[in-house]
Amino acid sequence: MKSLLALIVFAALHLTAVAQETNPVADPAAVVDCGNARFTVLTPQMVRIQYSDKKLFEDRATFAIVNRRLPVPQFTTRQDNGYLYINTDALSLIYKIGGRIQKDQPTDGVLSISFKMNGRNVRWYPGKDDALNLKGTTRTLDGQIGDNKRSELENGLLSRSGWSIIDESPKTKRGDGSTTFAFDKTVDGIEWVAKPVDKDAIDWYFLGYGHEYKKALGDFIKVAGRMPMPPFYVLGYWYSKYQRYTSDEFMEIVNDVKRNQIPMDVMIFDMDWHTQGWTGWTWDRTAIPDPEGLIDWMHNNGLKVSLNLHPADGVDDDEDFFEELRDDMGMDKSAKVVPWNLSDPKFYHNMFGRIIRAREKQGVDFWWLDWQQNLTSKYVDGLGETFWCNHVFYNDMRLNRPDHRPLIFHRWGGLGSHRYPIGFSGDSFTTYGTLAWQPYFTATASNVCFGYWGHDLGGHQQTGGNDPEIYLRWMQYGVFTPIFRTHATNWPGIERRIWKYPNFPLLLETVRLRYALMPYIYTACRQAYDTGVSLCRPLYYEWPEESNAYLFEDEYMFGDDILVAPVVKESGADGKSVRRVWLPQGQWFDVCRNQSIDGNRVITDAYSLNEIPYFYRAGAVIVNNPPMLNLNTRPDRLILKVVPGADGTTTLYEDEGDTEAYKNGVFTTTTFTHRTNTLTIEPRKGSFPGMPTERAYTAEFLATDQPSKIIVNGDALSNGCWDYDATKRLLTVYVPSTRCDQKTTIEIR
C-alpha cells in the first residue's frame, strides 16, 4: 500500500510538472522592464533579451520556446549612472538605459553579459561572432557526398566560446529561409500559427553555460519542451526501399525475413503505394488490390506499417474523396485540384478528416512525411512548410490516436523540431566519405536535441554494383544509431535485402546485435527525455576540456557507457581496415579484443570485416536481450554484461512501449550495482501494465579470473549453474527466475 501511495503521489507531481512545462508566460518576478527593453531571468545562466520600439513584447509560445514559467532564480537588479545591472550567481548583465539593442552593429556600448569560464572572464555583446559554435543540424542530407553538407549545419546551443544565442526574433531567418512565429489559440486542439506582436522586435535567449554542455541541454528542454520517447518498435529494424512492390512482393519479403530468422519490426510502403504521381492519396490497386488485407497481414506478422507522403501538390480530381474535400472547402465544382494549404484551419480540418483519417482506419501506423518541395508557405510569408507540417501531423496523431505515442518520420524544420520525433535525413550517396561523415552529423544533431535521426543505411543513391563491404560497414554503424533502417532509391539493380548478399551472415549479426542492445538503447531514450542528452552524443559532453574530444569527430558516445568508433574506410588487401581511436581517461573494455584497456591515449588497430570498434566504460553493466525476432514480446530473461575495471551503477528503464503514460510516472526502473566482486540487482521500482513479475538473468562477468565459488543470495551455486571459459576469461552465472520486487546478490569468490 505504501508503494502504491508513493507511486500515486509521484504521478500527481509529474502531471503537475508536465502542465507547468507548457506555460509561455514567465513569472513576473523574473521579468525586468526597462523602457523599450525587457529582460527575463530564466535560469542563473539563461536570460531572455527583448527589445521593441513599440514596447510590444511577445508572451506567447514561439516555435522554439514553449515554456517560460520556471522557478525564479536568485538575482539582483540596480540602476546606476544611466545603466541597468542584473546579476545572477553566474552572469552579469549591463544595459545602457534607453539604448537601442540591435545585432547588425556589433558593440558592447549598449548591452553586454559577462561570466567566468575556466577561471577567465568571457564577455558577450550583440553581434559578436560565435566562431566556436559546435553546430547543430540541417534540414536534409539530400545530395550528401562526403562532408559537402558541413557548411549547411545551423548553429547549435553549445559553443567552445561558452555562450550561444537562441534567436527567436520574427525577422531572423532559419536554415531553410523560414522564420519563427507565435502559437496562439487552437484548431481542433492544435496550437496554431499566429503573427508576432511586433515583427521588428528583438527576441534573444542568451545561454552562458561555459562548457557545462549537458546542463545547457537540460535547461533548454525546460523552455523548449522535452524530446518525446518514440514507440519502442521504432528502435527495431525497418525494411524500406523506393520500389513499386506488389502485395505479393511485400509478403515475399516478410516471408524471406522470417525464413532467414531476421529480427524486424517496421515495413515501409514508399511512394508507389499510391496512384501515379509524386503526390498521391489513393491506393494503386493494380499493385495492392486489398490494402486493408495487406496491412492486417503485416500486423499479424508483428510489423508496423508506414506510408510515404509527398503532400505539396494537394489533392487532384482523380483522388479518392476529392469531390467531398472540394465541397468541404466551398470550391467551385469546376476545380481540378484542392491546393495544399496546411496553414488554413479549414483545410486542415477537412483534409485530415476526409483523407488522413481514412487511411489510418485502414491500419496505417504512422506517416513518413517526405516534404521536398517549396520550403516556405505560399500563403503565410515566412512560414516553414517543413516545421509546420511536422507540428500539425505530430499533434494530430497525439490528439486523434491517444492510445499510441505520436510519431512522424520527417525532415528537420528548425529549432523546436525535437518535439516531433523522428528524423529522416534524406538522399545521400553510397560512398565511404558519406559514411565517414554521418557519425559526426548524427552526434552533432544532439546539440539541438534532435536526437532521432534515421539514415538510409547503405546509402540512397549508388553507382556500380552492390558492394557487400560498404553495406556491411554501414549496417555496423547503423547498430549504434537512433533509427536502424535500410533504404535506397529505385534505380535498377540496387539491392537492400540483406539475405541477397554473399556476406549475409555478417549482415545478420548486425541486426541481432541491435536487438541484443535494445534494453540499453531504450533506457538511453528515457534519459534523453529526462535530461535533453541524446542517445548519440559527441565526446566533448563528457570531456569538454580535452582537445581530442573535438578532433576525433567520427567517434561518439552511444548512451552513457558505450564509446563507438565505426569503421568508415575500405579494407586493405589483407581484408582489414586500420582505425585510430581516442580513448578518454579511465579504463575501457575493448569488445573486439575482449580485454580491458587504459584510456587517455590514441590506439591504432586493424579491424576485420566481422569487427566493430566499440568500447564499454569500466564498471558498467550493459543490459542485453536474448535472441529475439521482434519487439512485440518482452523476454523473461536478460543478459547482464558486467564490465571490469571500476565500480559502477546502471539503471534499466521499462514501460508499456507505445503509450503516453510514461510521462505520468507509469514505468519501472531496476538498478544494477557493481562493486568489486559483487553484483546486486535491486528490487524493481514503479509499475506499468503488463510488466513481468519474475525474471531470470544471465550475468556475464567479462575479463575475469576463474572463481572458486559463486554465491547467490547467500547460497553457493552448484557447478551446473555457472561456467567459465578460460580462453575468453568469461564467467557466466545463470540466475534462476526470481520475483522482480526482490533483491538478488551475486558474489564471486
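The values are calculated or read from the model by the stated rules, or taken from the named source; none is laboratory data. Just so it is clear, the model here is predicted, and its values are computed rather than measured. Positions of Cβ are backbone-derived with ideal geometry, glycine not excepted, and every protein chain shown enters the neighbour counts. Side chains are part of the model used for accessible areas, which takes the heavy atoms of the whole protein and leaves out ligands, DNA and RNA. Shrake-Rupley method; radii C 1.70, N 1.55, O 1.52, S 1.80 Å.
Pairs over the 29 Å Cα-Cα cut-off, from the set LYS54/LYS128; LYS54/LYS663; LYS54/LYS96: LYS54/LYS663. Label zone (THR107, point 7 Å along Cα-to-C-beta; backbone nitrogen cut-off 15 Å) within region 201-215: none.
The count of lysine pairs in region 207-324 with alpha-carbon distances below 19 Å, taking only pairs 8 or more places apart or on different chains, stands at 4. Taking a Cβ cut-off of under 12 Å around THR745, the surrounding Lys, Arg, Asp and Glu residues balance to a net charge of -1, with basic ones at +1 and acidic ones at -1. Neighbours of PHE206 by Cβ distance under 13 Å: Lys/Arg scored +1, Asp/Glu scored -1, total -1.
Among 454-467, 591-604, 351-364, 385-398, sorting by the average number of other beta carbon atoms lying within 10 angstrom of each residue, highest first, gives 385-398, 454-467, 351-364, 591-604.
With both bridge residues required to lie in the chain, what share of the DSSP beta bridges run antiparallel, to the nearest 5%? Could you put the intermediate results ahead of the total?
Values: 111 of 139 bridges.
The answer is about 80 percent antiparallel.
Backbone N atoms of region 502-531 closer than 12 Å to the 7 Å Cα→Cβ label point of ASP256 belong to residues 502. Of the solvent-accessible surface of region 643-731, computed with a 1.4 Å probe and all protein chains present, 46% belongs to carbon and sulfur. What is the distance in Å between the Cα centres of region 215-229 and region 691-728? Taking the Cα centre of region 691-728 as reference, the centre of region 215-229 is 40 Å away. At 1.4 Å probe size, what's the solvent-accessible area of THR140? Round to the nearest 10 Å². Using a 1.4 Å probe on the heavy atoms, I get roughly 20 Å².
Short-range pairs are left out: with C-alpha atoms under 8 Å and at least six residues apart, the relative contact order of region 493-563 is 23 percent. Each Lys and Arg contributes +1 and each Asp and Glu -1, all at the Cβ; summed about the Cα centre of region 423-511, the dipole is approximately 120 debye.
Å³ per residue of the Cα convex hull, for region 542-650? Working shown, then result.
Numbers: hull volume 14.9 nm³, N = 109.
Spelled out: Cα convex hull of region 542-650, divided by residues, is 137 Å³.
For the chain, the spread of Cα coordinates along the three principal axes comes to 81, 70, 64 Å, biggest extent given first. The order of the peptides 570-579, 292-301 by mean Cβ neighbours within 10 Å, most packed first, is 292-301, 570-579.
Would you mind working out the magnitude of the charge dipole of the chain relative to its Cα centre, with +1 at each Lys and Arg C-beta and -1 at each Asp and Glu C-beta, to the nearest 20 Debye? Walk me through the numbers on the way to the answer.
Working: 81 positive and 94 negative charges, 402 e Å.
Roughly 1920 debye, rounded to the nearest 20.
For LYS149, go through the lysines and keep the ones whose alpha-carbon is under 23 Å away, minus same-chain ones fewer than eight residues off. Cross-link targets: LYS135, LYS173, LYS569.
Here the Karplus curve 6.51 cos²θ - 1.76 cosθ + 1.60, taken at θ = phi - 60°, turns the phi angles of region 428-437 into couplings of 8, 9, 7, 9, 5, x, 5, 4, 5, 8 Hz, with x standing for Gly and Pro.
A straight Cα-to-Cα reach below 18 Å connects LYS195 with the aspartates and glutamates ASP53, GLU58, ASP59, ASP167, GLU168, ASP184, ASP203, ASP344, ASP381, GLU385, residues fewer than 8 places away in its own chain not being considered. Placing pseudo-labels 7 Å out from each Cα toward the beta carbon at ARG357 and THR673 gives an inter-label distance of 5.4 nm. You can think of it this way: the chain between TRP278 and ASN301 has 5.3 nm of extra reach, that is 0.36 nm per residue less the Cα-Cα gap.
A simple spin-label model places pseudo-atoms 7 Å from Cα toward Cβ; at ASP89 and TRP499 they are separated by 5.9 nm. Across the options THR604, ALA64, GLY99, the greatest Cα extent toward the positive end of the charge dipole of the chain (unit charges at beta carbon of Lys, Arg, Asp, Glu) belongs to GLY99.
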